[in-house]
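The values are calculated or read from the model by the stated rules, or taken from the named source; none is laboratory data. What you see is a predicted model; the values in this text were computed from it and never measured. We place every Cβ from the backbone using ideal geometry, glycine too, and count neighbours over all the protein chains shown.
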Amino acid sequence: MKEEIKPEEIVSEYKYGFSDAEKAVTKFDKGLSEKVVRDISELKNEPKWMTDLRVKAYHHFLKRPMPNWGNNEMLNGIDFDSIIYFLKSSGKTEKDWDEVPEEIKNTFDRLGIPEAEQKWLGGVTAQYESEAVYHSIREDLESQGVIFLDMDSGLKEHEELVKKYFCSVVPYTDNKFAALNTAVWSGGSFIYVPKGVHVEMPVQAYFRINAKNMGQFERTLIIADEGSSINYVEGCTAPTYSTESLHSAVVELIAHKDAKIRYSTVQNWSNNVYNLVTKRGVAHENSTIEWIDGNIGSKLTMKYPAVVLKGKGSHAEIISVAYASEGMHQDAGSKIHHLASNTTSNILSKSISKNGGRSSYRGLVQVSKMADNCKSNVICDALLLDEDSQSDTYPTMEVSNPTFDIQHEASVAKVSEDQLFYLMSRGHSEQEAMGMVVNGFFEPFTRELPMEYAVELNRLLEIEMEGSIG
Amino acid sequence: MNEEKGNLLEISNLHVSVDDTPIIQGLDLVVKFGEIHAIMGRNGSGKSTLANVLMGHPAYEITKGEIYFFGKNLSELSVDERAKAGMFLSFQYPMTIPGVQVGNFLRKSVSAVSGNKISAKEFRTDLKEKMTQLQIDRAFLSRYVNDGFSGGEKKRMEILQMLMLNPKLAILDETDSGLDIDALRLVSEGINLATKNAGCILITHYQRLLDLVKPDIVHIMIDGRIVKTGGADLAIDVENKGYDWLEV
């Protein structure tokens with residue numbers, strides 16, 4: 001990027017590790033029970049069908065075993081009884097930053113959210129613990145019928161739409177954490193883009209965990225009606241505590257005929273957060289779904305953005321990066337289901353492992369019998385910065401149609417002494433040289449991000465390279 | 001500048017090993033401002049080792065002897081500090097840096113080496129002039145550093161960097177190999193331009209480069225030592241007679 005980094009801006013600590021004094025309006029005791037689930041629903045004054053769905057999901061969660069992939073040792077370290085499942089820090093969702101409680105507002109100021117909103121966003125939602133504290137959308141989008149709400153308000157104001165699509169892409173029976181999310185979900189975004197409307201400026205959601213032992217379970221549902229398009233961006237951070245937090249979101253996307261949804265994430269959770277997220281989209285005829293997925297932080301991430309190519313000629317694009325440092329495991333990847341003919345998919349996955357960190361790519365490409373002339377292109381590149389770090393690749397193909405055309409490439413590389421020597425001979429310090437190689441490696445990802453995110457990510461990686469030498 | 005009267009580079013009794021194998025075994029060399037030194041010799045005689053050890057490649061170990069650059073002991077300077085002090089190495093095999101665009105890379109390198117930020121406009125004007133001289137297309141700037149470059153493009157990229165970084169000592173490690181005659185002419189013009197006010201060490205196998213870049217002094221290296229030093233004629237002798245007559 002063109003942005004220069006000043007030495008005084010380099011701090012070796014996790015930049016977002018600050019925390020505020022916890023001031024809860026409503027805070028549940030630690031632990032999960034049917035009563036907790038019912039209480040959350042009652043507090044939100046939800047319709048009965050949602051309460052029932054939550055309770056069913058809760059019972060499924062109890063009997064559903066832990067996933068047997070990813071990192072069992074870390075997964076089994078989650079103490080579900082020590083987690084706070086609901087914490088509300090503000091009385092209501094404000095439309096004006098000045099109305100947001102001072103401490104919370106300070107947090108988002110430090111994260112640069114209000115500034116970003118003024119400069120380049122079409123809408124913002126800021127979630128703090130369990131619920132949105134701030135929400136806004138540009139008037140021109142609202143007047144075109146675009147709905148952009150936090151999920152709780154979405155359910156209140158557009159119950160029929162929510163009822164139709166909620167759990168339609170990710171049923172609560174999908175996996176243990178999707179069941180947990182369905183039982184205790186709170187916050188997240190609800191977006192509906194009417195036919196033919198193009199939302200040009202990205203809309204952004206920012207998720208912040210502040211309290212210790214917090215569980216954040218946002219639920220996002222985006223529906224792009226025929227011929228419409230939307231670009232949604234989310235960011236995530238949390239303070240660094242010695243105890244662990246759990247972030248377990250579910251995201252469902254529906255792209256109707258000829259629609260396009262791009263969903264970009266840069267998660268930079270502190271290294272005490274379990275990030276176990278289910279993201280899936282359904283693409284109807286000639287539509288496109290793109291996941292741009294960056295995993296820079298967390299203790300353990302297990303996340304495999306998926307696209308179900310249901311309509312003829314639909315297209316999926318998944319570009320993901322993972323960065324794993326000491327004590328971190330990024331188990332990330334992608335899933336594509338080619339269910340209809342002439343569907344295409346591109347997957348590009350890049351990972352960097354450093355200081356004993358571990359990155360895994362876990363991918364599935366599935367082609368149904370009925371789907372003729374489908375194409376998929378999968379590229380997985382891993383970069384290891386030292387001998388102690390680890391990278392693994394688990395690609396799976398389930399192809400039931402002989403006309404399928406697949407390209408698959410995988411590579412594992414190390415930063416060579418000669419590369420660093422070359423860059424240093426042009427006046428760059430060893431750390432700057434390492435930063436250049438790493439930023440260059442992620443470039444196919446960063447160029448897809450909005451400029452501000454790309455700059456931030458590059459800066460973050462340069463900071464991460466400090467102390468990686470020698 | 002009074003520094004121009006002194007020695008730019010002074011190497012005395014240099015011994016260098018790679019993986020405990022001695023490569024350079026007692027080499028002396030003095031380069032003054034404005035001098036072009038050509039170093040010739042068979043493959044394996046230690047020419048590239050000399051280039052790499054001067055720039056500070058970590059795989060090369062100085063076991064004995066000293067190198068002074070501008071009166072400073074080179075062993076006290078890291079690779080980037082050497083670059084900032086005015087040393088430049090044109091690599092025999094330039095490295096590929098995927099994802100890093102040539103334009104950004106040059107800009108960052110120029111400000112790293114010069115130590116102050118030049119304006120975007122100043123940089124662009126300078127770059128445009130140098131690229132025209134080397135007949136490099138603008139499209140070059142958005143390509144990734146050396147990624148998918150032909151041999152000739154890589155060498156021109158090295159010369160472009162040299163012109164932009166404006167070194168006091170340019171070390172060119174077989175920059176002429178693999179170039180066709182047109183590219184060789186462009187590269188030679190670049191070298192002549194860059195070394196007008198600087199010192200230069202040209203490592204080469206071929207007289208054809210020395211026809212275009214006139215050396216002041218020619219050295220012949222055999223088994224890690226300089227066995228003969230002479231004028232431009234010495235290179236022609238080697239071209240005609242080979243190296244056997246120089247062996248002890």
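Structural remarks
- Output for the stretch A:337-357, where each listed residue is modelled with pLDDT of 95 or more and more than 22 Å from the chain's Cα centre (by Cα): A:338, A:339, A:340, A:341, A:342, A:343, A:344
- A residue that is surrounded by 22 or more Cβ atoms within 10 Å (Cβ to Cβ) and either assigned to a loop (DSSP other than H, G, I, E, B) or assigned by TED's automatic domain parsing to the domain that holds residue A:230 (or both) cannot be found anywhere in the stretch A:434-445.
- Per the listing B:125, B:132, B:204, the residue uniquely of a type in the set (Ser, Thr, Tyr) and either within 30 Å of residue B:13 (Cα to Cα) or in contact with a strand residue (DSSP E or B) (Cβ under 9 Å, 6 or more places away or on another chain) (or both) is B:204.
- Filtered residues of the stretch A:72-95 (kept if closer than 30 Å to residue A:144 by Cβ and in contact (Cβ under 8 Å) with a residue 40 or more places away in the chain): A:90, A:93, A:94, A:95
- The number of residues in the stretch A:358-378 being over 20 Å from the mean Cα position of the chain (by Cα) and of a type in the set (Gly, Ala, Ser) comes to 3.
- When restricted to residues that are of a type in the set (Asp, Glu) and more than 28 Å from residue A:158 (Cα to Cα), the stretch A:40-86 contains 3.
So that you can scan it fast, the table gives a plain yes or no per residue for (1) assigned to a strand (DSSP E or B); (2) within 14 Å of chain B (Cβ to nearest Cβ); (3) of a type in the set (A, V, I, L, M):
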| site | (1), (2), (3) |
| --- | --- |
| A:370 | no, no, yes |
| A:379 | yes, yes, yes |
| A:382 | yes, yes, yes |
| A:393 | yes, no, no |
| A:396 | yes, no, no |
| A:413 | yes, yes, yes |
| A:418 | no, yes, no |
| A:428 | no, yes, no |
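- Verdict on residue B:201 being β-branched (Val, Ile, Thr), more than 14 Å from chain A (Cβ to nearest Cβ) and in a strand (DSSP E or B): yes
- Counting the residues of the stretch A:423-447 that are out of contact with any helix residue (DSSP H, G or I) (no Cβ under 8 Å at 6 or more places or on another chain) and free of Cβ contacts under 8 Å to residues at least 24 places away in the same chain gives 2.
For (1) in a strand (DSSP E or B); (2) loosely packed, with under 14 Cβ neighbours inside 10 Å; (3) out of contact with any Asp or Glu (no Cβ under 6 Å at 6 or more places or on another chain), each residue gets a yes or a no:
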site: B:15; (1), (2), (3): yes, no, yes
site: B:25; (1), (2), (3): yes, no, yes
site: B:30; (1), (2), (3): yes, no, no
site: B:34; (1), (2), (3): no, no, yes
site: B:38; (1), (2), (3): yes, no, yes
site: B:50; (1), (2), (3): no, no, yes
site: B:57; (1), (2), (3): no, no, yes
site: B:80; (1), (2), (3): no, no, yes
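- Hits in the stretch B:82-92 - residues which are within 14 Å of residue B:201 (Cα to Cα), in a loop (DSSP other than H, G, I, E, B) and more than 8 Å from chain A (Cβ to nearest Cβ): B:86, B:92
- Subset of the stretch A:451-467 [buried (at least 19 other Cβ atoms within 10 Å of the Cβ) and not in a helix (DSSP H, G or I)]: A:465
- Only one entry of A:238, A:224, A:283 meets the criterion of being under 17 Å from residue A:132 (Cβ atoms), in the same structural domain as residue A:135 (by TED's automatic domain parsing) and not acidic (Asp, Glu), and that entry is A:238.
- Residue count for the stretch A:169-197, restricted to those that are assigned to a strand (DSSP E or B) and either hydrophobic (A, V, I, L, M, F, W, C) or buried (at least 24 other Cβ atoms within 10 Å of the Cβ) (or both): 4
- Enumeration of residues in the stretch A:397-412 that are within 26 Å of the chain's Cα centre (by Cα) and either of a type in the set (Gly, Ala, Ser) or surrounded by 14 or more Cβ atoms within 10 Å (Cβ to Cβ) (or both): A:397, A:408, A:410, A:411, A:412
- Condition check for residue B:64: of a type in the set (Lys, Arg), exposed (fewer than 15 other Cβ atoms within 10 Å of the Cβ), closer than 26 Å to residue B:228 by Cα and modelled with pLDDT of 95 or more: yes
- Unmet requirement for residue A:200, which otherwise passes all of (1) acidic (Asp, Glu); (2) outside any loop (DSSP other than H, G, I, E, B); (3) touching a residue at least 24 places away in the same chain (Cβ under 8 Å): (2)
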